[in-house]
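Asker: Mind looking over this structure? Questions follow.
The values are calculated or read from the model by the stated rules, or taken from the named source; none is laboratory data. Owing to the predicted nature of the structure, the values given are computational and were not obtained by experimental measurement. Reconstructed Cβ throughout: ideal geometry from the backbone, glycine too, with neighbour counts over all protein chains shown. Remember, those area values only see protein heavy atoms, side chains included, never the ligands or the DNA or RNA. Shrake-Rupley method; radii C 1.70, N 1.55, O 1.52, S 1.80 Å.
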Amino acid sequence: MIFSEKDIQQIELKGLNLKKAQRQIELFENGIPFANLVAEATIDNGILRLSENETQQFMSYFESKKNSVSILKFVPASGAATRMFKFLYRFLEEYDLEKGSINSYINKYKNKDLSLFFIGLDKFPFYHIVQDKLHESYPNYDSLSINEQRLLLVKMMLDADKLDYGNSPKGLMPFHKYKNQILSTAFEEHLYESALYSSSDESTKLHFTISEKHNHKFDEEFSRIEKNVEAKTDSKFDISFSYQKESTDTIAVTPKNKPFREDDGSLLFRPSGHGALIENLNDLNADIIFIKNIDNVVTYKYKNDVSKYKKVLAGILLEIQEQVFKYLEFLDDTIESQEQLIEIGEFLINKMNVKINSEFEKYSLKYQIEYLTEKLNRPIRVCGMVKNEGEPGGGPFWVKDESGNISLQIVESAQINKKSKQQKQILKNATHFNPVDLVCGVKNHKGEKFDLKKFVDTKAAFISMKTKTGKDLKALELPGLWNGSMANWNTVFVEVPLITFNPVKTVNDLLKGPHQIK
């Protein structure tokens, strides 16, 4: 692909380089291979199920170690709340007040989401805010028909000149309502939860990746709640923010894989998905990093249940990491016995789900040491997995890469070839789902940070079809943060209970038990 001098200038201004842009074009031209699933990860075949005794042991282990390590929580929070209200936006587009009642519209389109929304209306945490605004704007509101009232209510929530909830940051949406109409956002609930498993000797540290245009809103929210949250948790908070880097944007192409150009002839670049956040994660400095999505929170009465399993995952990480560090120090010194190497190999197989090359025993002693060191000396992630109850998204699988290496991976359904009966069957047999509940060790045995960008599988990307000003284009998303971006980490999957997974994907999810006070 030949770029003009002007193109090259634009590419470099983005913080990219010509080589990267050309590689991205090649991905469009060559296509992205599907993940090669070998088997679904299940209990005792890639997923660890703990007894209650083991759960308590790992939790206690974390408690005994937490003050000797630095802890940080990483929360991707840049998204707007638009998708939460997708069915309501559609309702505003389609419903005509003059052509019938809302109930007849619901029946015609079998719109269960809209029906549930209106049934549970007064249980939404923001209901009283919307009602107050309606009565303020429409003095005759109470005398209107039920259909008029409901239509005005949805418009009050979503119209750009009114509350405009759909364009608010998801993290700052009211998620829960406590006594005396006190509202709590997802952002605030993350603070309460994190304080339960932070070090007693340090501030509770959280890092949110947000949209730059919303920076002041998060600052304002923290200023508003800081004193109250600190008093209730008896903890100080150290909160930092970052934005998805422009240098992670990817070039867009036409359906024929030529660079897509704006009307002025300039190249079009697009944000490349949450996989770009590996850069943000790489900039952070902590011994243990918890990762959790912004919308996966619960009301205060469930916080201890959720934090319990955070401690369990962290306890597993610390115990494994301690043994890994001992073995790496051991491998740095002189090895005199083959039995010592066999012990390390068995640890990798049994505790870390690492597949050892069948030719290992034929290697020279020197190469065996190099091989085991390379397998051990990687970032580690311990990931909670919940039983699959039909949620859309990724899951745990055994995957074979192009070199024939088999490893545990979190794979999105879009990465799987549905036309292959065998691949489709493995997907169908999956027993667990990825709730994005990770605890990560990102330093080596010498206390040095890993360069996380070196452990990315760049081919585990996504291509999607989009439009711009009515023209079709192809967009490239980088390997997902917990998919291809962590493909070459050491991975441990652990079954955790469903109470730890309470995402708010649509506004109706706020009606579920863990988001309600009564």
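Asker: What does a probe at D451 reach in the range 270-289, counting residues whose amide N is under 15 Å from the point 7 Å along Cα→Cβ?
Answerer: Under cut-off, by backbone N: 279, 282-283.
Asker: Same structure, new question: Of all DSSP beta bridges located in the chain, what percent are antiparallel, nearest 5? Intermediate values should be presented prior to the final figure.
Answerer: Working: 39 of 63 bridges.
If I count the DSSP bridges inside the chain, around 60 percent turn out antiparallel.
Asker: F462: accessible area at probe 1.4 Å, nearest 10 Å²?
Answerer: The value for F462 is about 40 Å².
Asker: Could you list which residues have their amide H under 5 Å from that of D437, counting only those 5 or more apart in sequence or on another chain, with H placed in the peptide plane?
Answerer: Correct list: G384.
Asker: Of (i) 154; (ii) 187; (iii) 143, which one was derived for volume of the Cα convex hull per residue in Å³ from the structure shown?
Answerer: The calculated read-out lines up with (ii).
Asker: Let me ask something else. Please work out the FRET efficiency for the pair L498 and F34, using the Cβ-Cβ distance as r and a Förster radius of 30 Å; give the result to the nearest 0.05. Walk me through the intermediate numbers first.
Answerer: On the way: r = 29 Å, r/R0 = 0.98.
E between L498 and F34, to the nearest 0.05, is 0.55.
Asker: Would you kindly find the accessible area of M59, with a 1.4 Å probe and non-protein molecules such as ligands, DNA and RNA excluded, rounding to the nearest 10 Å²?
Answerer: 40
Asker: Separation between the N180 and Q425 pseudo-spin-labels, each 7 Å from Cα along Cα→Cβ, expressed in nm?
Answerer: 6.2
Asker: Could I ask something else about it? Taking 0.36 nm per residue of sequence separation and subtracting the Cα-Cα distance, how much length would be gained by fully extending the chain between K217 and L196, in nm to one decimal?
Answerer: Numbers: separation 21, 0.36 × 21 = 7.56 nm, distance 2.53 nm.
Net length gain for the segment: 5.0 nm.
Asker: With the other protein chains left in place, how much accessible area per residue, in square angstrom, belongs to the range 336-382 at a 1.4 angstrom probe?
Answerer: Numbers: 2770 Å² over 47 residues.
Accessible surface, normalised per residue, equals 59 Å².
Asker: At 1.4 Å probe size, put T248, T467 in order of accessible surface, largest to smallest. Show your work: numbers first, answer last.
Answerer: Values: T248 10, T467 95 Å².
Ranked from most to least accessible, the order is T467, T248.
Asker: Between the range 144-163 and the range 199-226, how far is it from one alpha carbon centroid to the other, in angstrom?
Answerer: If you average the Cα positions of each part, the centres end up 32 Å apart.
Asker: By accessible area of protein heavy atoms, probe 1.4 Å, what ranking do E279, E391, E346 get, highest first? Write out the running numbers ahead of the final one.
Answerer: Values: E279 35, E391 75, E346 100 Å².
From most accessible down to least: E346, E391, E279.
Asker: Moving to a separate point now. Can you pull out the trypsin sites (Lys or Arg not before Pro) in the range 129-165 that DSSP calls coil and that have at most 15 other Cβ atoms within 10 Å? Each step should come with its number before you reach the end.
Answerer: Details: sites: K133, R150, K155, K162; in loops: K162.
Filter output for the range 129-165: K162.
Asker: Taking 0.36 nm per intervening residue step and subtracting the Cα-Cα distance, what contour gain separates K236 from E329 on full extension? Mind dumping the intermediate values first?
Answerer: On the way: separation 93, 0.36 × 93 = 33.48 nm, distance 3.62 nm.
Here the segment from K236 to E329 would lengthen by 29.9 nm.
Asker: Would you list Y192, Y302 from the most to the least accessible area, probe 1.4 Å? Working shown, then result.
Answerer: Numbers: Y192 15, Y302 55 Å².
Most to least solvent-accessible, the answer reads Y302, Y192.
Asker: Going through the cross-link list K292/K505; K155/K512; K86/K112; K155/K179; K245/K471; K326/K449, which pairs have a Cα-Cα distance over 19 Å in this structure? Could the numbers behind the result be given before it?
Answerer: Details: K292/K505 14 Å; K155/K512 24 Å; K86/K112 13 Å; K155/K179 27 Å; K245/K471 26 Å; K326/K449 17 Å.
Violating the 19 Å Cα-Cα cut-off are K155/K512; K155/K179; K245/K471.
Asker: Taking the Cα centre of the chain as origin, sum charge times position over the Cβ atoms of Lys and Arg (+1) and Asp and Glu (-1), and report the length of that vector in debye to the nearest 20.
Answerer: Charge dipole of the chain: 1380 debye, to the nearest 20.
Asker: Please enumerate, by chain and number, the aspartates and glutamates with C-alpha under 18 Å from the C-alpha of K387, excluding those fewer than 8 residues away in the same chain.
Answerer: E40, D44, E52, D305, E412, D437, E495
Asker: By how many nm would the segment from K362 to Q57 lengthen if fully extended, with 0.36 nm per residue of separation less the alpha-carbon distance? All intermediate terms of the calculation are to be shown ahead of the outcome.
Answerer: On the way: separation 305, 0.36 × 305 = 109.80 nm, distance 3.89 nm.
My answer for the length gained is 105.9 nm.
Asker: Of the heavy-atom accessible surface of the chain (probe 1.4 angstrom), what whole percent is carbon and sulfur? Write down the numbers at each step before the final one.
Answerer: Values: 12050 of 25320 Å².
Within the chain, the accessible surface is 48 percent carbon and sulfur.
Asker: Within the range 117-135, list the residues whose amide N lies under 20 Å from a label point set 7 Å along Cα→Cβ of N167.
Answerer: From the range 117-135, the list is 130, 133-134.
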